[in-house]
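Inspection log for the structure reproduced underneath, given as structure tokens.
The values are calculated or read from the model by the stated rules, or taken from the named source; none is laboratory data. Small disclaimer: the values here were computed from a predicted structure and weren't measured. Every residue, glycine among them, receives a Cβ derived from its backbone with ideal geometry; neighbour counts consider all protein chains shown. The accessibility values were calculated without ligands, DNA or RNA, using every heavy atom of the protein model including side chains. Shrake-Rupley method; radii C 1.70, N 1.55, O 1.52, S 1.80 Å.
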Amino acid sequence: MVTIFDIKRFAVHDGPGIRTTVFLKGCPLSCAWCHNPESQELEPVTVDIMRKVNGKSVPGKKVYGERLEVDRLVEILLRDAHFYEESGGGVTFSGGEPLMQAEGLFQLLEACKQHGIHTTIDTSGYANWEQFDRILPLTDLFLFDLKNMNPELHRKYTGMDNGTILSNADKLLEKGATLIFRIPVIPGINTTSAEVTGMVSFLKERAKKMSEVHLLPYHRIAENKYRRLQMTEDLADVAEPDERMMRHLIEEFKHTGLEVIIGG
């Protein structure tokens with residue numbers, strides 16, 4: 001049994017080809033810029049909403065989260081198997097943090113590999129190494145977050161320092177995992193000269209073990225979710241990065257020797 005909060009079919013930014021992305025609930029971090037705040041709690045969450053019915057506002061309920069048997073979820077994923085095969089795509093497990101549901105994730109990965117489906121894990125990197133080691137043989141690609149290099153800033157903005165995360169990344173690379181670092185671009189938080197220089201240096205040292213880095217521009221699409229969930233949006237005053245900032249960062253990250261991609 002796993003708890004999910006969304007399934008996105010025909011995804012093209014969560015790994016190669018056409019994919020189905022499964023969003024699992026639960027996350028050990030509380031990132032200030034989280035655009036899936038409904039993912040943070042492990043269990044389903046019910047909130048009050050107003051719906052429009054015949055032009056009138058009617059009170060109602062919305063549930064973020066659904067519990068599914070692993071076999072049932074695999075049936076859903078197999079519906080698009082021909083699209084995966086034709087496009088070189090597959091299934092991506094995201095969140096939240098998918099390793100928060102480590103046993104269910106392992107079962108899902110096993111089932112995907114039994115059916116010859118390419119697998120990707122989109123992870124914050126914050127989990128026990130034993131959990132990563134267990135799923136490594138079943139995972140074709142890791143999309144691995146790199147949020148802040150300064151551990152104190154990382155703790156300030158996510159609730160945890162980055163020691164475990166960076167250690168797990170290095171262990172995956174040492175074991176030959178295919179890994180792409182993804183950097184959420186948050187103006188003023190990880191776009192300072194010190195942070196960018198630290199990230200570029202970190203990536204440059206590992207460039208021989210990887211091929212590309214992704215820059216993910218911060219966006220403000222989660223405002224309604226925060227309001228419905230009665231959660232505080234910590235970065236309500238932070239603007240989305242503009243084109244000039246993104247061009248500058250592309251040039252900076254080219255010094256890593258990696259291909260720099262905006263988005264996935």
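Multiplying the sequence separation of F83 and K8 by 0.36 nm and subtracting their Cα-Cα distance, what value in nm do you get?
Values: separation 75, 0.36 × 75 = 27.00 nm, distance 1.38 nm.
That pair, F83 and K8, stretches by 25.6 nm at full extension.
Given Cα pairs under 8 Å that are at least 6 residues apart, what percent is the relative contact order of the stretch 100-175? Can you show the working numbers first?
On the way: 72 pairs, mean separation 22.4, N = 76.
With pairs under 8 Å counted, the relative contact order is 30 percent.
Taking a probe of 1.4 Å, how large is the accessible area per residue of the stretch 88-173, in Å²?
That works out to 36 Å² for each residue.
In terms of solvent-accessible area of protein heavy atoms at a 1.4 angstrom probe, what is the ranking of Y126, Y84, highest value first? Let's see the in-between values first.
Numbers: Y126 65, Y84 10 Å².
Ranking Y126, Y84 by accessible area, largest first, yields Y126, Y84.
Label K209 and F106 with points 7 Å out from Cα along Cα→Cβ: what is the distance between them in nm?
With each label point 7 Å from Cα toward Cβ, the separation is 2.3 nm.
In this model, which of K8/K156; K25/K225; K147/K171; K8/K209; K8/K254 are farther than 22 Å apart at the alpha-carbon?
The pairs that break the limit, which is 22 Å between Cα atoms, are K8/K156; K8/K209; K8/K254.
What is the Cα convex hull volume of the stretch 222-264 when expressed per residue in Å³?
Values: hull volume 4.7 nm³, N = 43.
Taking only Cα atoms, the stretch 222-264 has a hull volume of 110 Å³ per residue.
Among L143, I121, F93, flag the residue with its Cα farthest along the positive direction of the charge dipole of the stretch 68-220, charges on Cβ as +1 for Lys/Arg and -1 for Asp/Glu.
L143
Per residue, how many Å² of accessible area does the stretch 1-81 show with a 1.4 Å probe?
Details: 4300 Å² over 81 residues.
Counting only protein heavy atoms, the per-residue value for the stretch 1-81 is 53 Å².
Counting only protein chains, not ligands or nucleic acids, how are H118, H154, H35, H248 ordered by accessible area (probe 1.4 Å), most first? Provide the component values of the computation, followed by the final result.
On the way: H118 50, H154 5, H35 80, H248 105 Å².
The most accessible residue leads, giving H248, H35, H118, H154.
Give the carbon-plus-sulfur fraction of the accessible surface of the chain in %, rounded to a whole number; probe 1.4 Å, heavy atoms of protein chains only. Could the numbers behind the result be given before it?
On the way: 6290 of 13060 Å².
Carbon-and-sulfur percentage of accessible area, whole number: 48.
With a Förster radius of 22 Å, plug the Cβ-Cβ distance of K56 and I221 into 1/(1 + (r/R0)^6) and report the FRET value to the nearest 0.05. Please list the in-between numbers first.
Working: r = 27 Å, r/R0 = 1.22.
E between K56 and I221, to the nearest 0.05, is 0.25.
Roughly how many Å² of D145 are accessible to a 1.4 Å probe, to the nearest 10?
The accessible area comes out at roughly 30 Å².
What does the net charge come to around K8 if you take all other residues with beta carbon closer than 10 Å to its beta carbon, with K and R at +1 and D and E at -1? All intermediate terms of the calculation are to be shown ahead of the outcome.
Details: positive: R9, R19; negative: D6, D14.
Surrounding charge for K8 is 0.
Using a 1.4 angstrom probe and counting only protein chains, how large is the accessible area of S201 in Å², to 10?
60
Starting from the 7 Å offset along Cα-to-Cβ, what nm value, one decimal, do you get for the label separation of W129 and M1?
Once both label points are built, they end up 3.3 nm from each other.
Of H219, H115, which has the most accessible area with a 1.4 Å probe, and how do the rest follow in descending order? Working shown, then result.
Values: H219 65, H115 105 Å².
Sorted descending by solvent-accessible area, the residues read H115, H219.
If a/c stays under 1.5 just call it rounded; otherwise compare a/b with b/c (prolate if a/b is bigger, oblate if not). Do that for the stretch 33-83, with a ≥ b ≥ c from the square roots of the Cα gyration tensor eigenvalues. Intermediate values should be presented prior to the final figure.
Working: a/c = 2.38, a/b = 1.66, b/c = 1.43.
Cα axes put the stretch 33-83 in the prolate bin.
How far, in nm, would the chain grow between E152 and V238 when pulled straight, counting 0.36 nm per residue and subtracting the alpha carbon separation? Please list the in-between numbers first.
On the way: separation 86, 0.36 × 86 = 30.96 nm, distance 1.99 nm.
Using 0.36 nm per residue and subtracting the Cα-Cα distance, I get 29.0 nm.
State whether the chain is rounded, prolate or oblate according to the following rule on the C-alpha gyration tensor (a ≥ b ≥ c being the square roots of its eigenvalues): a/c under 1.5 gives rounded; otherwise a/b larger than b/c gives prolate, and the remaining case gives oblate.
On the way: a/c = 1.64, a/b = 1.12, b/c = 1.46.
Taking the square roots of the gyration eigenvalues as a ≥ b ≥ c, the chain is oblate.
Heads up, I need the accessible area for R67: 1.4 angstrom probe, whole protein in place, Å², nearest 10.
About 120 Å², rounded to the nearest 10.
Under the classification rounded if a/c is under 1.5, otherwise prolate if a/b is larger than b/c and oblate if not, where does the stretch 191-264 fall, given a ≥ b ≥ c as square roots of the Cα gyration tensor eigenvalues? Numbers along the way, then the final one.
On the way: a/c = 2.49, a/b = 2.25, b/c = 1.11.
Verdict is prolate for the stretch 191-264.
Kindly provide the helix-only [θ] at 222 nm of the chain, computed as the sum of -39,500 (n - 2.57) over DSSP H runs of four or more divided by all residues, to the nearest 500 deg cm²/dmol? Intermediate results must be reported in sequence, preceding the final value.
Working: 9 runs with 88 residues, N = 264.
My calculation for the chain gives -9500 deg cm²/dmol from helical runs alone.
Once you list every other residue whose beta carbon is under 10 Å from the beta carbon of R51, what net charge do they have if Lys and Arg are +1 and Asp and Glu are -1? The partial results should precede the final answer.
Details: positive: K52, K56, K61, K62; negative: none.
Charge balance in the 10 Å sphere: +4.
Kindly state, to the nearest 0.05, the FRET efficiency for M231 paired with T164, given R0 = 30 Å and r defined as their beta-carbon distance. Kindly include the intermediate steps, with their values, before the conclusion.
Numbers: r = 25 Å, r/R0 = 0.84.
In this case the efficiency is close to 0.75.
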